[in-house]
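Please read the structure below before turning to the comments.
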Amino acid sequence: MNLSQPGSRHQRRVANRRNQILDAAATLFAERGFHRATTRDIADAADVSEGTLYNYFESKDALLLAIMARLSEAQQIQDRLVMGLPQDARDFLISVVRNSRDFIQQNNAMLQSVLSEILVDPGLRRRYYKELLLPDMQRIESHVRQRIDQGEIAGLDAEAMARILTGLMLGLYVLQVLGDPLVTEQWERLSECIA
């Protein structure tokens, strides 16, 4: 049996086990914080031995970086979905907000686990900015510039607008994590208000 064959049973098993460990780590990091969650806790939550965990990840830091890589991949998928956004400027903005909400909901534990650490880890903070925030801001900036060039909107600074929208989405995410009822229950209303 050729184990190096793409999509082989062995590779799928390895990928599934790796994802199982990452899911457990993201959940525990989000619930307890990076420093309070131990590799033993993560292994238990993933239903693997601690030795098995170390076969996949050399350290807790490696787990956190893998979670961030997974977020980056999810963001790239989200970016491809955004390419088909409506042409109308208002509908475009509403779609950006809705897509951000979808991304947050689908990746909540991973986002929460990484965001808490970027506040204290300068290297991770730079990486998060470069791999996740900057591409998102560039995508939004490009769309805003297109709308300006097409005469749909005027008097906006596309670069500043991209940062305002990105900051707005991050702020709404923090409010959601804090349990703000308007953010958690009425996202559509917020989308309309933002537009």
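The values are calculated or read from the model by the stated rules, or taken from the named source; none is laboratory data. All of these numbers come straight from a predicted model, not from anything done at the bench. All Cβ positions, glycine included, derive from the backbone under ideal geometry; neighbour counts span all protein chains shown. Accessible surface is based on the protein model in full, side chains and every heavy atom, while ligands, DNA and RNA are left aside. Shrake-Rupley method; radii C 1.70, N 1.55, O 1.52, S 1.80 Å.
Listing for the model above:
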| item | result |
| --- | --- |
| Options Leu3, Leu93: the member that is modelled with pLDDT under 85 and not in a helix (DSSP H, G or I) | Leu3 |
| Pair list, Cβ < 8 Å and 6+ apart or interchain, from the range 148-162 residues that are touching a residue at least 60 places away in the same chain (Cβ under 8 Å) to residues that are part of a loop (DSSP other than H, G, I, E, B) | Glu152/Asp88 |
| Which numbered condition Glu152 misses (of (1) in a helix (DSSP H, G or I); (2) open to solvent by 60 Å² or more (accessible area, probe 1.4 Å)) | (1) |
| Those residues of the range 155-195 which are part of a loop (DSSP other than H, G, I, E, B) and among the aliphatic types (A, V, I, L, M), in sequence order | Leu156, Leu178, Ala195 |
| Positions within the range 134-149 being within 27 Å of Ala69 (Cβ to Cβ) and surrounded by fewer than 17 Cβ atoms within 10 Å (Cβ to Cβ), in sequence order | Leu134, Pro135, Gln138, Ser142 |
| Residue in the range 48-78 that is farthest from Tyr128 (Cα to Cα), counting only those that are open to solvent by less than 40 Å² (accessible area, probe 1.4 Å) and not in a helix (DSSP H, G or I) | Val48 |
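Condition check ((1) of a type in the set (Gly, Ala, Ser); (2) assigned to a helix (DSSP H, G or I); (3) in contact with a helix residue (DSSP H, G or I) (Cβ under 7 Å, 6 or more places away or on another chain); (4) touching a residue at least 40 places away in the same chain (Cβ under 8 Å)) across all residues:
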{"residue": "Ala45", "(1), (2), (3), (4)": "yes, yes, yes, no"}
{"residue": "Val97", "(1), (2), (3), (4)": "no, yes, yes, yes"}
{"residue": "Arg125", "(1), (2), (3), (4)": "no, yes, yes, no"}
{"residue": "Lys130", "(1), (2), (3), (4)": "no, yes, no, no"}
